[in-house]
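Here the structure comes first, spelled out in structure tokens, and everything after it is commentary.
The values are calculated or read from the model by the stated rules, or taken from the named source; none is laboratory data. Everything quoted here is computed from the prediction, not taken from an experiment. Glycine also receives a Cβ, built like all others from the backbone with ideal geometry; neighbour counts cover every protein chain displayed.
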């Protein structure tokens, strides 16, 4: 098309085409019918490719091809400075961006020996929960959309805007806030923000109630999701599932409660929701309860906000001393951890990012065996992954 | 439409046809990354509501689409799929490149796996800058594209010539 392609790009293009061709030949020559979903399919939230071998209406085996959204975060982190990485990691799980910053900043603070003031920690917790609401409230509408109901998606987009407004009025970004700093936060909360947030939270609670009636109480929805895609607790643990996918299988495991990372969760009154069934319904039901629980937590955080500074004393040019740190938090999609190795420079020597979705979709080949074709959509939607979170 | 291909279109007819094309743009959503959510907010949320501009965002396949919105990071692995998508679309076809990643690589300008701009693969009509652009910015891009469609010379456009300089929003 244009003459500006470099040799490396041409090579990459040819390689990608060859890889595509190999898969296609592989599919054509086997027995039975092959169903190819993706790389761009609405049910995959982006660019995931699922290849299923069918026997009639049933899936015999399924394979997941990921990497279509691989952007090379871990390598990019090695050539960026710490404040720059903060901008970059926002975009891993793009629905709950603020939650991506927190573990990275906490790991850097741990290495530097800096402790953020209590007010900063509370506001971090508050934004962590706001991004959880922004992420999971969209999921509820999205799941209904996958199953053929379009209206809940409109409702989800409508009410999610109230959360985005609150995030935007503080940070300036609708969903890439880039608000966290090593040692604290960029800004304090503006005047009148807390009252607005509480109004938005009551609006979100009304949305949860509405969805519980409209979607979860719907007979068609229940038939499509109950008993579909059952993942027992043992399988979920052995595949490394986390977040609502694990709690939907009845495992009571939440790092907000079980790990001590300095956020304000231990001072709040809240509950970890689990569901014993392990099917598509229970996974989505747990997410609905988590949105509702998060709105209550935001209310408590608004009420009990301590006064004080929002920034600790840190040098202007940030150099992290030599050492290694691993911090893991409970993000909207599950466990997210940063393993940070520093050699005393302005940027890290190595960053390993543990993202939730990569482990969460590893169970897909196991859970798709023997299901019917329409249930593939229900199961993929209920596992809920973000492509940036899978491919990094 | 033998008349269009012959190149002898009467002016009033061109105007009428352009007006109808302008207000019935079928937009295919090629959502790749973060921008896909803002595109979703622009296309499927009651606050922004793209249908009031005469854009129908739900074609079943690229073969029924006039416009494709490439929103998000284009990686080297997805490039063949995007190229095939563009080739499947019927002429006249329009492309909106949404977000810094699709425009030029964005924050991944030095990444080994990201294509630095979708314009290396397919011609782009409108660039919408931002990381990610607000839904309003995408709507602005669509409005500017509609203005261009209104003033187009149909025979040359049908032959795929005379695309004009790309529009940059903002």
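Just a few scattered comments:
- The listed residue being part of a helix (DSSP H, G or I), within 14 Å of chain A (Cβ to nearest Cβ) and surrounded by fewer than 20 Cβ atoms within 10 Å (Cβ to Cβ), out of B:136, B:147, B:140: B:136
- Condition broken by residue B:8, with the remaining ones in (1) farther than 23 Å from residue B:87 by Cα; (2) more than 12 Å from chain A (Cβ to nearest Cβ); (3) not in a loop (DSSP other than H, G, I, E, B) satisfied: (3)
- Scanning the stretch B:83-94 for residues that are free of Cβ contacts under 8 Å to residues at least 60 places away in the same chain, crowded, with 18+ Cβ neighbours inside 10 Å and either touching a helix residue (DSSP H, G or I) at 6+ places or on another chain (Cβ under 6 Å) or within 12 Å of chain A (Cβ to nearest Cβ) (or both) gives B:85, B:86.
- Residue tally, condition assigned to a strand (DSSP E or B) and in contact with a helix residue (DSSP H, G or I) (Cβ under 6 Å, 6 or more places away or on another chain), over the stretch A:305-330: 5
- Filtering the stretch A:334-357 to residues that are touching a residue at least 40 places away in the same chain (Cβ under 8 Å) and out of contact with any strand residue (DSSP E or B) (no Cβ under 7 Å at 6 or more places or on another chain) leaves A:334, A:346, A:347, A:357.
- Residue list for the stretch A:81-98, filter: touching a helix residue (DSSP H, G or I) at 6+ places or on another chain (Cβ under 9 Å) and either more than 14 Å from every other protein chain (Cβ to nearest Cβ) or farther than 27 Å from residue B:38 by Cα (or both): A:82
- Residue B:28 meets the conditions (1) farther than 22 Å from residue B:103 by Cα; (2) surrounded by 13 or more Cβ atoms within 10 Å (Cβ to Cβ) in every case but one. The failed one is (1).
- Answer residue from the stretch A:358-392, given it is within 25 Å of residue A:98 (Cβ to Cβ) and in contact with a strand residue (DSSP E or B) (Cβ under 7 Å, 6 or more places away or on another chain) and is nearest to the other protein chains (Cβ to nearest Cβ) among those: A:387
- All positions within the stretch B:11-48 that are without any contact (Cβ under 8 Å) to a residue 24 or more places away in the chain, in contact with a strand residue (DSSP E or B) (Cβ under 8 Å, 6 or more places away or on another chain) and more than 10 Å from chain A (Cβ to nearest Cβ): none
- Meets criteria (modelled with pLDDT of 85 or more and either over 16 Å from residue A:294 (Cβ atoms) or more than 10 Å from chain B (Cβ to nearest Cβ) (or both)) for residue A:166: yes
- Residues that are over 21 Å from residue A:184 (Cβ atoms), within 21 Å of the chain's Cα centre (by Cα), surrounded by fewer than 17 Cβ atoms within 10 Å (Cβ to Cβ) and modelled with pLDDT of 90 or more occur at least once in the stretch A:305-328.
- Boolean, residue B:51 is modelled with pLDDT of 85 or more, within 14 Å of chain A (Cβ to nearest Cβ) and surrounded by fewer than 17 Cβ atoms within 10 Å (Cβ to Cβ): yes
- Residue under evaluation residue B:153, criteria (1) touching a residue at least 60 places away in the same chain (Cβ under 8 Å); (2) farther than 15 Å from residue B:50 by Cβ; (3) within 12 Å of the chain's Cα centre (by Cα), criterion not met: (3)
- Restricting attention to the stretch A:65-80 and to residues that are in a helix (DSSP H, G or I) and within 18 Å of the chain's Cα centre (by Cα), the residue that is farthest from the other protein chains (Cβ to nearest Cβ) turns out to be A:74.
- When the criteria are applied in full, residue B:56 fails the requirement of being touching a strand residue (DSSP E or B) at 6+ places or on another chain (Cβ under 9 Å), crowded, with 21+ Cβ neighbours inside 10 Å and either modelled with pLDDT of 90 or more or more than 9 Å from chain A (Cβ to nearest Cβ) (or both).
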